[in-house]
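What follows is one structure encoded as structure tokens, with my remarks underneath.
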Amino acid sequence: MSALYELTLAEVSLALAQRRVSASEVLDAQVARLGAVEPRVQAFLRIDEAGARAAATASDARRSAGQSLGPLDGVPVALKDNLLTRGVETTAGSRILSGYVPPNDATVTTRLKQAGAVILGKTNLDEFAMGSSTESCPFHLTQNPYALDRVPGGSSGGSAAAVAAREVFGALGSDTGGSIRQPAALTNVVGLKPTWGRVSRSGVIAYASSLDQVGPFGRTVTDVALQLKVIAGHDPADSTSSDAPVPDYAAGLTGSVKGLRIGLPREYEVAGMDPHVLASVKAAAKTLQGLGATLVELSLPHTGAALAAYYLIASSEASSNLGRYDGVRFGHRAEGVKTLRELYVKSRSEGFGEEVKRRIMLGTFALSAGYHDAYSVKAQQVRTLIRRDFEQAFGVCDVVLSATSPVPAWKQGEKLDDPLALYLMDVLTIPCNLAGLPGVSVPMAPTSAGLPTGLQVLGRPFDEQTVLNVAHAWERETSYFRRAPEL
């Protein structure tokens, strides 16, 4: 058998089911792997080895009694640090929540535990999930395992890097404007953003509530499908979660795309796109055509307005959601203040980073009297037009194909002085969130320098199965997912 950490989630799940290895042995292998590579990658904000060992021991006892809880039972995974974990500090990558230990789990955390998963720790992220590079967290930077001087993408860069570095077999992130798919592309892993409402947001520290969605990372499409089956489904604690049936996604991976219509939007060939990325997408489309799919050229005419609409909508919701962090109820509280107003101002000024402050101010301005109609209302109207573009597109195609990120990973610090340049890194992922669609990024051909790139597949609402199946067909025809970083 290969070294345990080299196995995919599906492979280690099978080894556990066949009793070829115990959960405790798997955890030992992952803890050793963490010790070897985590000092260089820094994917985690905190590691809960004691909790993980208790979960692994319980998993071994269940399997000995013939009471396995399913494919994730005994499998080490990680959670983005904006997902609540009872008894384990959860900061959303912000000083304002330093020391906050939640009294309850997020619903997705509960569902992973109920499935027997071994939660090894909490991963790094851009502060409050606001960013595209995992550089806005005040605690430390996360490195891209494929090039340690480059970013892993964001905002779920820690989760992507942990999976890419083989520290865990799967991980959860959140995707508000591309925060799962973009880091997946930059680190050569698979990342899925489910349909908005497919997965509960209860216990997710909110950034933009109408856009946030939790989803999984894995080395393969099957790994992602196994995790989605566990975390998806209606939750009484989240009134926006859907009661649509949850299929067995892994069982539905046929690997066939015969008869499927694949849409290629003209607007997704954006200015400044890396030539290798563009050529690789076109080659991938031809490969899928060779497998029996039909290629359909189409237009999504309002794509150009998506970026501006997104940052108005997301920032407006952020300014409201982050109003609760006031230095009174939890988190950072400024010292040496004499009035309540001074407490609010100083606590928030000290606790929030520059990017979070920027978005709060933008959102507050967009919602203010005299500007609400001109900005917030107009952005929502654009959102409706983008949704209609996709509705029309899915009348002539079954999925939409594009690059995930217009460029491969850039060097750390390269774009920090130019927020707009960072915002443009999400130009191909944001429309999916505005329309509430499912989307996946799957590894594509690396650059000549060995930097990963990603292929994005978007689908109809609640049709994650088709999206995953197209990605699976591509994955089976290529070997890019088998690449491993040299750590």
Within the group ALA147, ALA160, which residue is at pLDDT 95 or above and touching a Lys or Arg at 6+ places or on another chain (Cβ under 9 Å)?
ALA147
Give PRO485, PRO461, PRO408 a once-over and let me know the one that is at pLDDT 95 or above, crowded, with 16+ Cβ neighbours inside 10 Å and in contact with a strand residue (DSSP E or B) (Cβ under 8 Å, 6 or more places away or on another chain).
PRO408
Return the pair list, or none, for Cβ contacts closer than 6 Å from residues in the stretch 34-45 that are at negative phi to residues that are assigned to a helix (DSSP H, G or I), at least 6 apart or on different chains.
VAL41/ALA161; ALA43/GLY158; ALA43/ALA161; ALA43/ALA162
Log entry, pairs with first residue in the stretch 151-173 being closer than 21 Å to THR109 by Cβ, second being assigned to a loop (DSSP other than H, G, I, E, B) and among the basic types (Lys, Arg), beta carbons closer than 8 Å, six or more apart or on different chains, reads VAL163/ARG219; PHE169/ARG219
Considering the stretch 88-127, residues that are assigned to a helix (DSSP H, G or I) and in contact with a Gly (Cβ under 7 Å, 6 or more places away or on another chain), and then whichever is nearest to SER155 (Cα to Cα), we arrive at GLU127
Kindly provide the set of residues from the stretch 108-118 that are touching a helix residue (DSSP H, G or I) at 6+ places or on another chain (Cβ under 8 Å) and buried (at least 24 other Cβ atoms within 10 Å of the Cβ), ordered by number.
VAL108, LEU112, GLY116, ALA117, VAL118
Can you pull out the residues in the stretch 247-264 that are under 21 Å from GLY191 (Cα atoms) and in contact (Cβ under 8 Å) with a residue 40 or more places away in the chain?
PRO247, TYR249, ALA250, GLY252, LEU253, THR254, GLY255, SER256, VAL257, ILE262, GLY263, LEU264
Determine whether the stretch 53-61 contains at least one residue that is assigned to a helix (DSSP H, G or I), among the β-branched types (Val, Ile, Thr) and surrounded by fewer than 18 Cβ atoms within 10 Å (Cβ to Cβ).
yes
May I ask you to verify whether GLU127 is at negative phi, acidic (Asp, Glu), surrounded by fewer than 16 Cβ atoms within 10 Å (Cβ to Cβ) and at pLDDT 95 or above?
no
Residues of the stretch 307-331 being of a type in the set (Gly, Ala, Ser) and over 20 Å from TYR423 (Cβ atoms), in sequence order, are SER320, GLY323, GLY327, GLY331
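Here's the yes/no breakdown for (1) at pLDDT 95 or above; (2) within 30 Å of ARG266 (Cβ to Cβ):
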site: GLU350; (1), (2): yes, no
site: GLU355; (1), (2): yes, no
site: LEU385; (1), (2): yes, yes
site: PHE390; (1), (2): yes, yes
site: ALA403; (1), (2): yes, yes
site: LEU420; (1), (2): no, yes
Helices (runs of 4 or more DSSP H) contained entirely in the stretch 291-378, each with at least 2 residues that are free of Cβ contacts under 8 Å to residues at least 12 places away in the same chain and either surrounded by 13 or more Cβ atoms within 10 Å (Cβ to Cβ) or in contact with a helix residue (DSSP H, G or I) (Cβ under 9 Å, 6 or more places away or on another chain) (or both)
340-351, 354-367
Scan the stretch 281-290 residue by residue and report those that are surrounded by fewer than 20 Cβ atoms within 10 Å (Cβ to Cβ) and under 26 Å from the mean Cα position of the chain (by Cα).
LYS282, ALA283, ALA285
Criterion (more than 22 Å from SER319 (Cβ to Cβ) and aliphatic (A, V, I, L, M)) met by exactly one of ALA393, ALA334:
ALA393
Say whether the condition of being modelled with pLDDT of 95 or more, outside any loop (DSSP other than H, G, I, E, B) and among the hydroxyl-bearing types (Ser, Thr, Tyr) is met by at least one residue in the stretch 68-76.
no
Any residue that is outside any helix (DSSP H, G or I), of a type outside the set (Gly, Ala, Ser), free of Cβ contacts under 8 Å to residues at least 40 places away in the same chain and over 19 Å from PHE128 (Cβ atoms) - is there at least one of those in the stretch 385-396?
no
Taking the residues in the stretch 77-86 that are in contact (Cβ under 8 Å) with a residue 24 or more places away in the chain and in a loop (DSSP other than H, G, I, E, B) as candidates, determine which candidate is farthest from ALA50 (Cα to Cα).
ASN82
Step by step: first the residues of the stretch 137-165, then only those that are out of contact with any strand residue (DSSP E or B) (no Cβ under 9 Å at 6 or more places or on another chain) and buried (at least 24 other Cβ atoms within 10 Å of the Cβ), then the one that is farthest from GLY233 (Cα to Cα). Which residue is that?
TYR146
Filtering the stretch 239-273 for residues that are farther than 20 Å from VAL400 by Cβ and touching a strand residue (DSSP E or B) at 6+ places or on another chain (Cβ under 8 Å) leaves a count of 2
Residue among ALA435, ALA403 that alone is aliphatic (A, V, I, L, M) and touching a Lys or Arg at 6+ places or on another chain (Cβ under 6 Å)
ALA435
Which ones in the stretch 353-407 are within 21 Å of the chain's Cα centre (by Cα), among the aliphatic types (A, V, I, L, M) and closer than 30 Å to LYS286 by Cβ?
VAL399, VAL400, LEU401, ALA403, VAL407
Looking only at the stretch 408-447, how many residues end up being more than 22 Å from HIS302 (Cβ to Cβ), part of a helix (DSSP H, G or I) and without any contact (Cβ under 8 Å) to a residue 60 or more places away in the chain?
1
Among what's in the stretch 9-52 and is of a type in the set (Val, Ile, Thr) and in a helix (DSSP H, G or I), pick the residue that is surrounded by the fewest Cβ atoms within 10 Å (Cβ to Cβ).
VAL31
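The values are calculated or read from the model by the stated rules, or taken from the named source; none is laboratory data. Bear in mind that the values here come from a model prediction, so they are computed numbers and not experimental data. As a convention, Cβ positions derive from the backbone with ideal geometry for all residues, glycine included, and neighbour counts pool all protein chains shown.
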